[in-house]
Amino acid sequence: MASALPDRERARRLLSQMVHIRRFEEKCAELYGAQKIRGFLHLYIGEEAVAAGAMRALEPDDAIVA
């Protein structure tokens, strides 16, 4: 998928997504530690670029399962 965004704007959006994912993961860890989330929790901290980049490469008809 080719992006019409300038490189700087594309990089800014990817960074924003990575920060958003990191904050979500940190909150999950906090809630898990407070026993608000039960069961098993596998954190994605340090792998945010994988998710942000992969999502950018998907086409509208692609499907993902988490």
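Between R23 and L43, the simple spin-label model (points 7 angstrom out along Cα→Cβ) gives 1.7 nm.
Per residue, what accessible area does the chain have, given a 1.4 Å probe and all protein chains present, in Å²? Don't skip to the end; give the middle numbers.
Working: 5650 Å² over 66 residues.
Spelled out: the 1.4 Å probe surface of the chain, per residue, equals 86 Å².
What is the sum of charges around L5, taking Lys and Arg as +1, Asp and Glu as -1, for the other residues whose C-beta is under 14 Å from the C-beta of L5? Intermediate values should be presented prior to the final figure.
Numbers: positive: R8, R10, R12, R13, R56; negative: D7, E9.
Neighbour charge sum, excluding L5 itself: +3.
Within 13 Å, Cβ to Cβ, of R23, how many net charges do the neighbouring residues add up to if Lys/Arg are +1 and Asp/Glu are -1? Residues close to R23 contribute a combined charge of -2. The apolar share of the surface of the chain, taken as the fraction of accessible area on carbon and sulfur atoms (1.4 Å probe, ligands and nucleic acids excluded), comes to 58 percent. Under a 5 Å amide H cut-off, with hydrogens placed 1.01 Å from N, I37 pairs with Y32 among residues at least 5 apart or on other chains. Couplings 3J(HN,Hα) for the range 42-57, derived from phi with the Karplus relation 6.51 cos²θ - 1.76 cosθ + 1.60 (θ = phi - 60°), are 10, 7, 10, 4, x, 10, 4, 5, 4, 5, 4, x, 5, 5, 5, 7 Hz, where x marks Gly and Pro. For the chain, dividing the convex hull volume of the Cα atoms by the residue count gives 94 Å³ per residue.
Length gain on complete extension for the stretch S16 to E59, per 0.36 nm per residue less the alpha carbon to alpha carbon distance?
Working: separation 43, 0.36 × 43 = 15.48 nm, distance 2.05 nm.
So the extension gain works out to 13.4 nm.
The values are calculated or read from the model by the stated rules, or taken from the named source; none is laboratory data. Keep in mind that this is a model prediction, so the values were computed, not measured. With ideal geometry, Cβ positions are generated from the backbone for all residues, glycine too; neighbour counts draw on all protein chains shown. Quick note on the areas: whole protein, heavy atoms, side chains included, nothing else; ligands and nucleic acids left out. Shrake-Rupley method; radii C 1.70, N 1.55, O 1.52, S 1.80 Å.
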